[in-house]
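See below for the structure under consideration.
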Amino acid sequence: MIVIATNLSREQQGFYFTFNSIVALQLFFELGLTGVISTFVSHEFVDLAWENRGRISGDSRSLQRLEDILAKATLWFFVASILLFVVLVPTGLLFFGQAKHTGVDFSWRLPWILVVAGTSCNLMVTPFFSVLMGSGDVANVNKREMLGAIVGPILSWTVLLLHGGLFAAPAVAFGNMLVSWLYLARQKPELLKKAWDCVKNIRREKHQEARVSWRGEIWPLQWKIALSWMSGYFLFQLFNPILFHYHGPVVAGQMGMTLSATNALIGVCITWISAKGPEFGKLIAQREWRRLDELFNRVLLQTSVISVIGALGGWSIIWFLQGHYKIGARFIPASDAAFLLAAVCIVVIVFGLATYLRAHKQEPFMVLSISSALIQGSAIWVTGKYFSSRGVSMAYFAVSLFFVLPYAVIVWRRCRRMWHSEGTGVLTK
């Protein structure tokens, strides 16, 4: 954030962060499949294990089902990455081209095209890391994400320090892409080879009895999660485009900078929870309800405490900067940021409840996601238009506290009671 604030103009900062909000439309191309892959793989990996260089061994039927999942997911994301590029490039050119008095002229066009290209390449690698996460190999997935979180920003900072301006935005995407593909090529080459072989053989009749029915098994869960994920765009990514459109790139840049701080806190907390997702799935497959609840309660408490401490610390820093340094003007006012950071604590709890339930191969939060997206999206649109960043922040907090959290807790308690009751567990239905 410091490097961005000192090397980009306030207008460029608005373009930089709004780029990220627009490419987040990739949720509409993933259609929730990343989480579904991890969930299904976690159940199959009860009888499987990793060998050297990415080989997988174990029960033949589970292995055949895993290969079928891998083949279909690889095809899905290959097509989705192409569609993403074809659709988002002209969409962004049209949206950003409408901005007036930006002081950026047309220097944003090529960086935007490169941002979309890098995002498309990253989308193509997604299914492999979903398989790794679902298998329980969380350490290596997080290692790759850590390396990407180091290499991407370093490339971006280098571009900024060399006065590359908005070309710093695609540098992050290409840095992550480079780390991901190099990791797979060096550590899991057999997984890549297996995916290629499975795609070539996807139409063969062999092992038909062990195939995973997309329509019968995956799609009933995926379409619900897809709607939930797409709803997430209106919950987390609509801020910048709305403010950019109605108030210009400067205000959007302030919101983007503040959201980058809140999203960093959310990222820490949900990674903590997601790391336990595969273990949740395995305990559910074994019907170890007590161990499942003990693990979940411990993780939710830990992440909740971290989110509260992080929110208080983040607000204190923004408040201090705005009182003593010019860089403080790159954030929204501290009084507005307080609402965003408070909402983070609520988001973390809801994400934990959702992860717990989705590990059952179910998506009971679909109605909640859609309804909250409609309510919050409308509220952000109206308050953003008339009350700028303060209205957006307060709307985000109010909807999260008074609608999303109570609804989520009610659904979680009802589903947990129903699914874990003796003789009526979801896995026996």
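Details
- Using heavy atoms of the protein chains and a probe of 1.4 Å, the accessible area assigned to Glu190 is about 50 Å².
- When the surface is traced with a 1.4 Å probe over the full set of protein chains, Val251 keeps roughly 30 Å² accessible.
- Considering only Cα atoms, the convex hull volume of the stretch 117-157 works out to 51 Å³ per residue.
- Dimensions (Å) - the chain, Cα atoms, principal axes, largest first: 62, 43, 31
- Spatial separation of Cα centroids for the stretch 1-61 and the stretch 311-328, in angstrom: 30 Å
- Descending semi-axes in whole angstrom, ellipsoid equivalent of the stretch 14-167, from the Cα gyration tensor: 37, 18, 10
- 222 nm mean residue ellipticity, helices alone, for the chain (DSSP H n ≥ 4; -39,500 (n - 2.57); rounded to 500): -26500 deg cm²/dmol
- The stretch 110-189 - accessible surface per residue (Å², probe 1.4 Å): 41 Å²
- For the stretch 18-122, the share of accessible area belonging to carbon and sulfur comes to 63 percent (1.4 Å probe, ligands and nucleic acids excluded).
- Carbon + sulfur, % of accessible area of the stretch 300-404 - ligands and nucleic acids excluded, 1.4 Å: 78 percent
- Geometric extent, Cα atoms of the stretch 134-251 - Rg, Dmax (angstrom): 20.3, 59
- Computed from label points 7 Å out along Cα-Cβ, the spacing between Ser304 and Ala275 is 2.0 nm.
- Taking only the C-alpha atoms of the stretch 294-429, Rg followed by Dmax gives 18.2, 63 Å.
- Here the label points at Glu145 and Glu217, each 7 Å from Cα along the C-beta direction, are separated by 2.6 nm in the simple model.
- Positive dipole terminus of the stretch 1-102, leading residue within Phe28, Val79, Val3 (C-beta point charges): Val3
- Charge dipole magnitude, Cβ of K and R +1, D and E -1 - the stretch 320-429, Cα centre, debye nearest 20: 120 debye
- Here's the picture: a label point sits 7 Å out from the Cα of Asn201 along the beta-carbon direction, and within the stretch 53-88 the residues with their amide nitrogen under 17 Å of it are 55-75.
- With respect to the chain, whose longest principal axis is taken over its alpha-carbon atoms, helix 168-187 is tilted by about 20°.
- Accessible surface ranking that places the most exposed of Glu44, Glu11, Glu51 first, with a 1.4 angstrom probe: Glu51, Glu11, Glu44
- Ordered by solvent-accessible area of protein heavy atoms (1.4 Å probe), largest first, the residues Phe19, Phe28 come out as Phe28, Phe19.
- 0 to 90° range, to nearest 10: angle between helix 334-358 axis and the chain longest Cα axis: 10 degrees
- Candidates Ser107, Ser180, Ser228: whichever shows maximal mean-square fluctuation once the chain is modelled as a Gaussian network with Cα springs under 10 Å: Ser107
- Probe 1.4 Å, all protein chains present, accessible-area order of His420, His247, largest first: His247, His420
- Nearest 10 degrees, 0 to 90: helix 109-135 Cα axis against the chain principal axis: 30 degrees
- Nearest-20 debye value, the chain charge dipole, Cβ charges on Lys, Arg, Asp, Glu: 300 debye
- Subtracting the Cα-Cα distance of His324 and Lys385 from their residue separation scaled by 0.36 nm leaves 19.0 nm.
- The orientation-averaged shadow of the Cα convex hull for the stretch 1-101, equal to a quarter of the hull surface, comes to 9.7 nm².
- Spin-label pair Phe28/Leu161, simplified geometry with 7 Å Cα→Cβ offset, distance in nm: 3.8 nm
- For the pair Thr6 and Val87 in one chain, pulling the backbone fully straight at 0.36 nm per residue adds 25.9 nm over the alpha carbon distance.
- Stokes-Einstein D for the stretch 349-429, Kirkwood Rh over Cα pairs, 4 °C, 1.567 mPa s (µm²/s): 92 µm²/s
- Heavy-atom accessible surface of the stretch 334-429, averaged per residue, reaches 44 Å², computed with a 1.4 Å probe.
- Shape metrics for the stretch 128-187, restricted to C-alpha atoms - Rg then Dmax, Å: 13.2, 43
- For the peptides 269-277, 161-169, the ranking by packing is 269-277, 161-169, with the highest mean count of neighbouring Cβ atoms within 10 Å listed first.
The values are calculated or read from the model by the stated rules, or taken from the named source; none is laboratory data. Every value quoted in this text rests on a predicted model; they were computed, and no experiment measured them. Because the Cβ atoms are built from the backbone with ideal geometry, glycine has one as well, and the counts that use them run over all protein chains shown. Heads up: the accessible areas ignore ligands, DNA and RNA and are worked out on the full protein's heavy atoms, side chains in. Shrake-Rupley method; radii C 1.70, N 1.55, O 1.52, S 1.80 Å.
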